[in-house]
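These notes concern the structure reproduced below.
The values are calculated or read from the model by the stated rules, or taken from the named source; none is laboratory data. Since the structure is predicted, the reported quantities are computational estimates derived from the model, not experimental observations. Note that we place each Cβ from the backbone using ideal geometry, even for glycine, and neighbour counts take in every protein chain shown. The area values use the complete protein model at the heavy-atom level, side chains included, leaving out ligands, DNA and RNA. Shrake-Rupley method; radii C 1.70, N 1.55, O 1.52, S 1.80 Å.
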Amino acid sequence: MTRSQKLTRLVPERSLKRLELKVTRRLDGLLHGEHLGLLPGPGSDLAEARLYQPGEDDVRHMDWSVTARTTTPHVRDLIADHELETWALVDLSPSMDFGTARMEKRDLAVAALAAIGFLTARLGDRLGAHIMHGGQIRRWPARTGRVATYTLLQALLDAPRGTAGPGGPRLGEAISGLARSQVKRGLRVVISDFLDRQETPGGELSWERPMRQLAVRNQVIAVEIVDPRELDLPSVGPVMMTDPETGDTHEIILSAKVRAAYAAAATAQRARIRDALRGCGAGHLTLRTDRDWINDVARFALQQRRVAGRPQPRGGRS
């Protein structure tokens with residue numbers, strides 16, 4: 001039994017409190033203060049001045065008055081706007097019911113939403129979600145507070161595994177639905193493995209255009225969930241493999257040639273996803289089931305703060 005499975009076997013409120021303590025305590029230490037937002041934007045307030053760190057801080061955040069007074073370069077951090085609305089799209093399709101390391105991908109998706117939810121709850125922001133599950137999309141209204149965050153996370157943990165609905169919405173349709181339903185600007189988080197292989201007639205991934213449209217009016221974070229076995233296969237000889245989305249099963253002999261071809265194709269696929277997200281103007285956070293995901297979240301947040309205010313590269317808008 002994995003650590004996350006043991007966690008969900010506990011009394012729900014106790015397990016979520018433990019998760020909250022783990023997230024907030026470690027992020028407080030790594031991000032230096034509970035009042036700093038995960039992703040400050042142009043409308044953020046200024047915090048106190050501090051010493052400039054060459055190579056890490058954006059020179060556009062330089063506080064010239066303090067620098068002139070002290071003769072030492074100083075910058076000002078940003079405090080994220082309060083009482084904002086954050087909306088997340090959480091992919092719980094069958095391809096997320098997979099994991100060979102510390103947890104399943106869907107558990108890591110819930111953990112990612114928990115980190116965002118606990119931070120927004122402490123800042124007084126509202127958090128809502130669109131949940132892809134069972135061939136449909138469930139809309140969870142935006143609410144504020146720890147109790148509302150707990151309720152949302154518990155609903156995700158309780159969602160049955162392995163439920164695919166025929167003809168259900170694809171990732172691109174779900175992103176479009178999120179963009180249409182929320183007109184007010186804010187932070188949008190898409191949590192998925194992005195393994196939807198459908199392409200448009202123009203050769204784009206099916207979710208690229210909807211993601212670009214979402215990023216036109218909002219700040220977007222794409223959280224890509226990855227398991228190590230999706231990148232490299234073990235040397236175990238013949239195995240039976242099942243596509244979780246279609247149920248198709250095939251026997252494959254994992255020879256050195258097959259494993260090398262698979263690794264090359266997986267690397268190319270992930271590079272294409274990375275380039276597509278960058279072209280859409282979304283911040284890209286990769287979380288792996290075999291790594292310390294809280295450290296990865298903290299590194300991403302620190303990197304975003306350093307580049308806050310810089311124009312993000314975007315693909316063509318439609």
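Going through Arg229, Arg274, Arg259 one at a time, which residue ends up being at pLDDT 90 or above and within 25 Å of Ala301 (Cβ to Cβ)? Spell out the reasoning first.
Working: Arg229 fails: within 25 Å of Ala301 (Cβ to Cβ); Arg259 fails: within 25 Å of Ala301 (Cβ to Cβ).
Residue meeting the stated conditions: Arg274.
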- Among (1) in contact with a Lys or Arg (Cβ under 9 Å, 6 or more places away or on another chain); (2) buried (at least 16 other Cβ atoms within 10 Å of the Cβ); (3) of a type in the set (D, E, K, R), which single condition is Asp125 missing? (1)
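Output yes when any residue across the stretch 88-104 is at pLDDT 85 or above, in a helix (DSSP H, G or I) and of a type in the set (Gly, Ala, Ser), and no when none is. Working first, answer last.
From the stretch 88-104, those at pLDDT 85 or above are 88-104; that's our starting set.
Filter again for in a helix (DSSP H, G or I), leaving 94-96.
This time we only want the ones that are of a type in the set (Gly, Ala, Ser), so: 95.
Among the residues of the stretch 88-104, at least one is at pLDDT 85 or above, in a helix (DSSP H, G or I) and of a type in the set (Gly, Ala, Ser), which makes the answer yes.
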- Residues of the stretch 228-274 that turn out to be closer than 30 Å to Val189 by Cα, open to solvent by less than 80 Å² (accessible area, probe 1.4 Å) and among the charged types (D, E, K, R), as a count: 4
- Of all residues in the stretch 108-122, how many are touching a Ser or Thr at 6+ places or on another chain (Cβ under 6 Å) and open to solvent by less than 20 Å² (accessible area, probe 1.4 Å)? 4
- Message: Taking the conditions exactly as written (open to solvent by less than 90 Å² (accessible area, probe 1.4 Å), modelled with pLDDT under 75 and either under 27 Å from Arg185 (Cα atoms) or part of a loop (DSSP other than H, G, I, E, B) (or both)), does Gly29 satisfy them or not?
- Response: no
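With respect to Leu285, determine if the residue is part of a helix (DSSP H, G or I), in contact with a strand residue (DSSP E or B) (Cβ under 8 Å, 6 or more places away or on another chain) and within 22 Å of Ala88 (Cα to Cα). Step through it out loud before you land on a result.
Details: part of a helix (DSSP H, G or I): no; in contact with a strand residue (DSSP E or B) (Cβ under 8 Å, 6 or more places away or on another chain): yes; within 22 Å of Ala88 (Cα to Cα): yes.
The answer is no for Leu285.
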- Message: Which numbered condition in (1) open to solvent by 20 Å² or more (accessible area, probe 1.4 Å); (2) in contact with a His (Cβ under 9 Å, 6 or more places away or on another chain) is the only one that Lys184 fails?
- Response: (2)
- Qualifying positions in the stretch 286-308 - of a type in the set (A, V, I, L, M) and modelled with pLDDT under 95: Ile294, Val297, Ala298, Ala301, Leu302, Val307, Ala308
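Looking at the stretch 130-151, is at least one residue at pLDDT 80 or above, among the hydroxyl-bearing types (Ser, Thr, Tyr) and crowded, with 17+ Cβ neighbours inside 10 Å?
Taking the stretch 130-151 first, the residues at pLDDT 80 or above are 130-151.
Now narrow it down to the ones that are among the hydroxyl-bearing types (Ser, Thr, Tyr): 144, 149-151.
Next, only the ones that are crowded, with 17+ Cβ neighbours inside 10 Å stay: 149-150.
Yes, the stretch 130-151 contains at least one residue that is at pLDDT 80 or above, among the hydroxyl-bearing types (Ser, Thr, Tyr) and crowded, with 17+ Cβ neighbours inside 10 Å.
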- Of residues in the stretch 207-227 being part of a strand (DSSP E or B) and either open to solvent by 10 Å² or more (accessible area, probe 1.4 Å) or hydrophobic (A, V, I, L, M, F, W, C) (or both), the one nearest to Ala114 (Cα to Cα): Val223
